[in-house]
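Below: the structure, in structure tokens.
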Amino acid sequence: MKVLVHTVGLKSEGGVKLLNEIKQNCPDGVYLFFISSRTGRINLINYIVSIYHIFKVEKEYDKVLYFSSIPPLFRHKSKTVYFFQNVLLINTGIWRSILKLNFSLFAKILFLKISKKYTDEYYVQGLSIKNNLKSFLKIKSAKIKSVPFYSSLPQIKKTKNKNHFIYISSPNKHKNNELIIEALKILENYGVSIVFKIFFSVLSDSEQRYLEKLKSQSSNLKVRFYINTKRAKVLENLVNSYALVYPSFGESLGLPLYEAHFYKVPVIASSNEYVRNTLNPVEVFDPSSPLSLARAICRFLDIKNELSPILERKKSIKCREDFFNELCS
């Protein structure tokens with residue numbers, strides 16, 4: 001089997017990890033040829049050049065695999081597969097992207113819609129994204145295959161000095177980083193002070209500005225940001241944390257969830273469906289509510305305070321007595 005792999009424009013950390021896993025663990029009898037750009041960025045010239053190279057050599061290959069941010073926009077002679085990962089596209093939709101005046105996002109959503117004419121199969125990493133993509137493109141379920149796979153992980157020694165929670169994230173809005181900061185502010189107000197480590201891979205100037213904004217919002221909290229840290233160091237911090245907190249609004253899989261499961265690190269995660277496709281967290285919370293996350297952390301730490309449910313703090317609710325005591329105080 002000879003496969004032509006289109007990777008122009010692939011820059012997400014999770015996508016790059018999976019691509020490296022494919023490169024390093026290709027089985028005998030499977031031959032991969034990669035078409036990419038030197039810069040790693042997608043632009044019109046890079047895309048046109050990459051498509052030219054595909055048309056030039058594709059007759060020598062059994063399949064064309066698009067492992068990039070842009071799906072197939074032309075009909076190829078070989079069987080064409082698109083590995084789809086960007087859940088933000090189907091969660092946003094065309095009209096919302098127009099209302100947000102996000103024309104780059106609009107173009108990507110439009111390309112995804114067009115791609116169903118030129119794609120023989122879609123590969124995804126879970127049941128929820130499969131169902132969402134099926135509804136979004138209005139295609140048959142048989143055309144979408146769920147083929148989750150993960151990057152290999154090294155053995156890491158645990159220490160007894162656990163003193164932090166961790167979020168392996170990126171400086172993107174859908175990662176919901178602000179929720180952690182707001183939840184920590186609530187915890188501080190109730191006397192709960194915890195150390196939180198957030199790991200980012202910063203690529204662009206806009207992402208750097210977003211990071212500076214987060215630092216400003218958390219200046220009075222015990223939040224530590226780590227930028228472009230080597231993967232071994234990130235995994236070491238994961239293994240030696242109290243728990244992975246994962247508030248992201250949407251993921252194709254969520255590689256840190258798998259990494260936490262592999263190292264037997266507890267997971268406190270949002271109640272979104274993609275989480276349950278990967279694992280069952282020890283605590284869940286509403287990803288739109290900082291209070292919900294603050295309560296989930298207190299439950300995990302077995303802390304009883306005013307964030308705890310009323311009936312855990314009181315044997316009964318004496319509505320009238322409490323009301324009049326407050327009124328007359």
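The values are calculated or read from the model by the stated rules, or taken from the named source; none is laboratory data. Everything quoted here is computed from the prediction, not taken from an experiment. As a convention, Cβ positions derive from the backbone with ideal geometry for all residues, glycine included, and neighbour counts pool all protein chains shown.
If we scan segment 145-165, do we find a residue that is crowded, with 21+ Cβ neighbours inside 10 Å and aliphatic (A, V, I, L, M)?
Going through segment 145-165, the residues crowded, with 21+ Cβ neighbours inside 10 Å turn out to be 165.
Among the residues that remain, those that are also aliphatic (A, V, I, L, M) are: none.
Among the residues of segment 145-165, not one is crowded, with 21+ Cβ neighbours inside 10 Å and aliphatic (A, V, I, L, M), which makes the answer no.
Regarding segment 200-210, can at least one residue be identified that is buried (at least 21 other Cβ atoms within 10 Å of the Cβ) and under 23 Å from Cys298 (Cβ atoms)?
Pass one, segment 200-210, residues buried (at least 21 other Cβ atoms within 10 Å of the Cβ): 200.
Next, from what is left, pick out any that are under 23 Å from Cys298 (Cβ atoms): none.
There is no residue in segment 200-210 that is buried (at least 21 other Cβ atoms within 10 Å of the Cβ) and under 23 Å from Cys298 (Cβ atoms).
What number of residues within segment 104-130 are without any contact (Cβ under 8 Å) to a residue 60 or more places away in the chain, in contact with a strand residue (DSSP E or B) (Cβ under 8 Å, 6 or more places away or on another chain) and over 21 Å from Phe74 (Cβ atoms)? Spell out how you get there, then give the answer.
Just the residues of segment 104-130 that are without any contact (Cβ under 8 Å) to a residue 60 or more places away in the chain, to begin with: 104-123, 130.
Still in the list and also in contact with a strand residue (DSSP E or B) (Cβ under 8 Å, 6 or more places away or on another chain): 115, 118-123, 130.
Among the residues that remain, those that are also over 21 Å from Phe74 (Cβ atoms) are: 130.
Residues that pass the stated criteria total 1.
Would you be able to tell me the number of residues in segment 187-209 that are at pLDDT below 85 and part of a loop (DSSP other than H, G, I, E, B)?
The qualifying residues number 4.
Of everything in segment 210-233, what is aromatic (Phe, Trp, Tyr) and not in a helix (DSSP H, G or I)? Give them in sequence order. So that I can check it myself, show each step before the final result.
Pass one, segment 210-233, residues aromatic (Phe, Trp, Tyr): 210, 225-226.
Listed by number, the residues that qualify are Phe225, Tyr226.
Given the residues Tyr258, Tyr242, which is the only one that is among the hydroxyl-bearing types (Ser, Thr, Tyr) and more than 17 Å from Leu18 (Cβ to Cβ)?
On the way: Tyr258 fails: more than 17 Å from Leu18 (Cβ to Cβ).
Of Tyr258, Tyr242, the one residue that is among the hydroxyl-bearing types (Ser, Thr, Tyr) and more than 17 Å from Leu18 (Cβ to Cβ) is Tyr242.
Just need a number here: residues in segment 290-302 that are touching a residue at least 60 places away in the same chain (Cβ under 8 Å) and surrounded by fewer than 16 Cβ atoms within 10 Å (Cβ to Cβ).
Counting residues in segment 290-302 that are touching a residue at least 60 places away in the same chain (Cβ under 8 Å) and surrounded by fewer than 16 Cβ atoms within 10 Å (Cβ to Cβ) gives 2.
Tell me, please, whether a residue that is part of a helix (DSSP H, G or I), under 30 Å from Ala260 (Cβ atoms), assigned by TED's automatic domain parsing to the domain that holds Val57 and modelled with pLDDT of 90 or more can be found in segment 122-130.
Checked against the condition, which is being part of a helix (DSSP H, G or I), under 30 Å from Ala260 (Cβ atoms), assigned by TED's automatic domain parsing to the domain that holds Val57 and modelled with pLDDT of 90 or more, segment 122-130 yields at least one hit.
Considering each residue of segment 160-186, count those that are assigned to a loop (DSSP other than H, G, I, E, B) and under 19 Å from Leu301 (Cα atoms), and give that number. Steps first, please.
Pass one, segment 160-186, residues assigned to a loop (DSSP other than H, G, I, E, B): 160-164, 169-172, 176.
After this cut, where a residue has to be under 19 Å from Leu301 (Cα atoms) as well, the list is 160-164.
Looking only at that region, the number is 5.
Can you name the helices (runs of 4 or more DSSP H) wholly within segment 234-324 that have at least 2 residues being over 15 Å from the mean Cα position of the chain (by Cα) and of a type in the set (A, V, I, L, M)?
290-301, 310-313
Given the residues Gly254, Gly250, which is the only one that is touching a His at 6+ places or on another chain (Cβ under 8 Å), surrounded by 18 or more Cβ atoms within 10 Å (Cβ to Cβ) and modelled with pLDDT under 90? Talk me through it step by step, then tell me what you get.
Working: Gly254 fails: touching a His at 6+ places or on another chain (Cβ under 8 Å).
It is Gly250.
Between a residue in segment 162-175 that is within 20 Å of Ile90 (Cα to Cα) and hydroxyl-bearing (Ser, Thr, Tyr) and any residue that is surrounded by fewer than 15 Cβ atoms within 10 Å (Cβ to Cβ) and at pLDDT 85 or above, which pairs come within a Cβ distance under 9 Å, given they are 6 or more apart or on different chains?
none
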